[in-house]
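Beneath this line is the structure, given in structure tokens, with notes to follow.
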Amino acid sequence: MTTLMLLAAAVSVLGNGNDGYFHAQVETGSPVPGTADISLTLDYTFEPEGKALGLYMIELTALCGVNNDEGKVYGYEPTAGGVSFVMDLDPGNASSCFGVIFGDEFPGPERFYTNDWSGNDLYYTTDWGTSWNTVFDPTFDEGRGMDYDGAYLWSTYGYGKLVRFQPETTPFDTLMVPETSGQLSGLAVFPWEGDLCVAVTSYGSDGAWFYLWDGAALEYLGFGSFPVTSDTAYGLAYSEDLETLFLSYEEYSGDFWIAAMSLDISAALEQSTWGAVKASF
């Protein structure tokens, strides 16, 4: 068997496992230096129910985490880890869901959106999982972590790309993040210095890349190393209320954890509020 055939067989075996990781490209090299020094400090950890892939923070309510083994979205009390709600995913999405967001500012009633690594649709529910519908996902089957800035949904898009869009509308923005390495997994957006800070990680990374979005372009700030040791990094979410960045990850032992981290960016950036950011759109 040739080397090429062996490599193809290896990729086929690894495939797209039960966490959406293609294993087609691994993280390489040292992080690209940025314009700021970024540090992440561990505050505490807690164990999710079984596993947690994509994360999303509903402020003052719950930290959401996807468990595709059970086909559910769990809501956690973010400072203690207790379960505050459980929502069933659509049967067609249950085993291949990674990302989740919640929005009460979309047209019509408040809703959850989830993505699917085995298809080209976003799933959404307006009744907390009792019924689901679908709309087109511009990331196709390559979307993983998602977040919502009050006007736009953000998603990772395979390798080195993000997408920013409003569901059920076109066009959408494809944004390049060439400083990243490997298949992107978690993503979080949150207000910072009047702009949006965008944090993104990849499955095999030991940290996150940070950017500023001014409404027109991304500016690379730098890379911050996680204060935990993980085999696989999954979701990111930021709580403005708690001033905390959350990471879901799997240890080498196979145990799943959620870490709460304090974030420091050296470039004398001051946080704004969601209201100020939303008012700019």
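Values quoted throughout were computed directly from the atomic coordinates according to the rules given, and no laboratory measurement underlies them. No experiment lies behind these values; they were computed from the predicted model shown. Every residue, glycine among them, receives a Cβ derived from its backbone with ideal geometry; neighbour counts consider all protein chains shown.
Using mean Cβ contacts within 10 Å as the protection proxy, how do 166-174, 108-116 order, highest first?
Working: 166-174: 12.4, 108-116: 19.6.
Ranking the peptides 166-174, 108-116 by packing returns 108-116, 166-174.
Among residues other than L196 whose Cβ falls under 9 Å from its Cβ, what is the net charge (Lys/Arg +1, Asp/Glu -1)? Write out the running numbers ahead of the final one.
Working: positive: none; negative: D149, D195, D214.
That works out to -3.
Of the peptides 65-75, 146-156, 245-255, 41-51, how do they stack up when ordered by the mean number of other Cβ atoms within 10 Å, highest first?
146-156, 65-75, 245-255, 41-51
If Lys and Arg each add +1 and Asp and Glu each add -1, what is the summed charge of the other residues whose beta carbon sits under 12 Å from the beta carbon of E70? If you can, show how the numbers build up before the last one.
Numbers: positive: K51, K72; negative: E49, D69, D88.
With Lys, Arg at +1 and Asp, Glu at -1, the neighbours total -1.
Label N18 and E193 with points 7 Å out from Cα along Cα→Cβ: what is the distance between them in nm?
Taking the two extended label points, one gets 4.3 nm.
Assign unit charges at the C-beta atoms only (+1 for Lys and Arg, -1 for Asp and Glu), then state the dipole size of the chain relative to its Cα centre in Debye, rounded to the nearest 20. List each step's numbers first, then the result.
On the way: 7 positive and 40 negative charges, 122 e Å.
Computed about the Cα centre, the dipole is about 580 debye.
Give me the net charge for the shell around G92: Cβ to Cβ below 13 angstrom, other residues only, Lys and Arg +1, Asp and Glu -1.
It works out to a net charge of -4.
Over the Cα atoms of region 44-279, Rg to Rh with Kirkwood Rh, two decimal places? Let's see the in-between values first.
On the way: Rg = 16.1 Å, Rh = 17.4 Å.
Rg/Rh for region 44-279 comes to 0.92.
With a Förster radius of 35 Å, plug the Cβ-Cβ distance of V135 and E251 into 1/(1 + (r/R0)^6) and report the FRET value to the nearest 0.05.
Working from the Cβ atoms, E equals 0.50.
Pick out which of V135, V189, V198 has the largest mean-square fluctuation in a Gaussian network model of the chain, springs linking Cα atoms closer than 10 Å.
Comparing V135, V189, V198 in a Gaussian network model of the chain, the most mobile one is V135.
Hey, what number do you get for the chain at 222 nm if only DSSP H runs of n ≥ 4 count, each worth -39500 (n - 2.57), divided across all residues, to the nearest 500?
Numbers: 2 runs with 18 residues, N = 281.
Result for the chain, helices only: -2000 deg cm²/dmol.
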